[in-house]
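Structure first, then comments.
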Amino acid sequence: MMRVQFKDKSEMQIDISIDKKYTVFEIESTVSGETYYRIENDANRILPYDATLFNVVSDKLNNDWTVLNKPNQSSTRLPEEIAYLTFWEDFYNDEPKALRAFKQVKSRVYLEELEASEITNILESDNQDEIHFVLNALIKAKCGTYTKQVIRFAKTKLGDDLYSEDDILWTAFKYLSLFQEEDINDFFVYYLTNIELGNDDLTEIASNYFAS
């Protein structure tokens with residue numbers, strides 16, 4: 001996927017950071033010659049931005065990108081899964097098909113395009129939505145690269161008395177349970193010997209890990 005970086009401090013935009021790389025999910029070209037990149041900003045909103053505000057740090061486009069011509073004579077290039085005329089309208093209206101399609105595209109991008117340091121930064125951030133998304137993508141791909149980071153996250157979360165029954169801590173446990181590693185063994189032993197930290201769902205995952 002194409003990735004860009006904001007280039008001009010004098011043209012600062014809300015929810016855009018100078019040193020951060022952003023994935024482009026759509027390139028739109030208008031009749032009058034402007035180009036817009038649709039990216040996910042720091043507030044987790046997918047919006048179009050003037051392409052002149054960015055430097056391209058990677059111009060790679062996957063083979064599944066396609067050109068879509070619009071009735072207003074503009075054209076866009078975007079991944080095949082989301083290449084239909086009503087996609088963005090459906091997406092912003094929380095239409096399930098559109099949300100599923102975008103999640104599929106984003107999951108692929110995260111695992112194929114993000115650097116290991118970027119995944120680590122997400123797992124160590126305070127952005128709960130992004131952490132949850134990354135964990136689910138890692139589970140789907142059965143990618144065991146980030147077990148140490150997830151253990152650190154889970155230990156920190158266990159010390160938080162405010163986590164809920166449906167917290168991303170459950171997803172972190174589920175991810176760790178996929179892999180047989182000494183560090184994971186030690187973590188689940190730590191959890192089971194401090195059972196007051198958790199709940200029945202977490203205990204079931206940890207117990208099943210040793211039973212399998």
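Tallying residues that are under 12 Å from the mean Cα position of the chain (by Cα) and of a type in the set (Ser, Thr, Tyr) within region 103-119 yields 2. Within region 177-190, does at least one residue satisfy the condition of being aliphatic (A, V, I, L, M), within 18 Å of the chain's Cα centre (by Cα), open to solvent by less than 40 Å² (accessible area, probe 1.4 Å) and modelled with pLDDT of 90 or more? Scanning region 177-190, I find no residue that is aliphatic (A, V, I, L, M), within 18 Å of the chain's Cα centre (by Cα), open to solvent by less than 40 Å² (accessible area, probe 1.4 Å) and modelled with pLDDT of 90 or more, so the answer is no. In region 28-41, the residues that are more than 18 Å from Ser58 (Cβ to Cβ) form Cβ pairs under 6 Å with partners that are outside any loop (DSSP other than H, G, I, E, B) and among the aromatic types (Phe, Trp, Tyr), at six or more places apart or across chains, as follows: Glu28/Tyr36. Val109 satisfies every condition listed in (1) in contact (Cβ under 8 Å) with a residue 24 or more places away in the chain; (2) open to solvent by 40 Å² or more (accessible area, probe 1.4 Å); (3) under 22 Å from Gln5 (Cα atoms) except (2).
Of the strands (runs of 3 or more DSSP E) lying entirely inside region 1-91, those carrying at least 1 residues that are of a type in the set (Asp, Glu) are 21-29, 35-40, 46-50. Restricting attention to region 14-38, the residues that are aliphatic (A, V, I, L, M) and loosely packed, with under 12 Cβ neighbours inside 10 Å add up to 3.
Name the pairs: first residue in region 183-212 and more than 24 Å from Gly144 (Cα to Cα), second residue among the aliphatic types (A, V, I, L, M), Cβ to Cβ under 7 Å, at least 6 apart or on different chains? Between residues of region 183-212 that are more than 24 Å from Gly144 (Cα to Cα) and residues that are among the aliphatic types (A, V, I, L, M), the close pairs are Leu197/Leu158.
Return yes or no: is Ile119 β-branched (Val, Ile, Thr), open to solvent by 20 Å² or more (accessible area, probe 1.4 Å) and assigned to a helix (DSSP H, G or I)? Answer is no for this residue.
In the set Asp129, Asp94, Asp160, only one residue is in a helix (DSSP H, G or I), surrounded by fewer than 19 Cβ atoms within 10 Å (Cβ to Cβ) and not polar (S, T, N, Q); that residue is Asp129.
Can you tell me which residue in region 39-58 is nearest to Glu26 (Cα to Cα), limited to those that are open to solvent by 40 Å² or more (accessible area, probe 1.4 Å) and charged (D, E, K, R)? Once the filter is applied, the top-ranked residue is Asp50. Note on region 60-77: among residues that are closer than 26 Å to Phe133 by Cβ and more than 20 Å from the chain's Cα centre (by Cα), the one that is most open to solvent (accessible area, probe 1.4 Å) is Asn63. None of Ala206, Ala137 is in a helix (DSSP H, G or I), touching a Ser or Thr at 6+ places or on another chain (Cβ under 7 Å), open to solvent by less than 90 Å² (accessible area, probe 1.4 Å) and hydrophobic (A, V, I, L, M, F, W, C) except Ala137. Residues that are open to solvent by 30 Å² or more (accessible area, probe 1.4 Å) and in contact (Cβ under 8 Å) with a residue 24 or more places away in the chain within region 1-13 comprise Gln5, Lys7, Asp8, Glu11, Gln13, listed in sequence order.
The values are calculated or read from the model by the stated rules, or taken from the named source; none is laboratory data. All values derive from a computational prediction rather than experimental measurement. For neighbour counting, all protein chains shown are included, and Cβ atoms are generated from backbone atoms with ideal geometry for every residue, glycine included. Heavy atoms of the whole protein, side chains included, go into the accessibility calculation; ligands, DNA and RNA do not. Shrake-Rupley method; radii C 1.70, N 1.55, O 1.52, S 1.80 Å.
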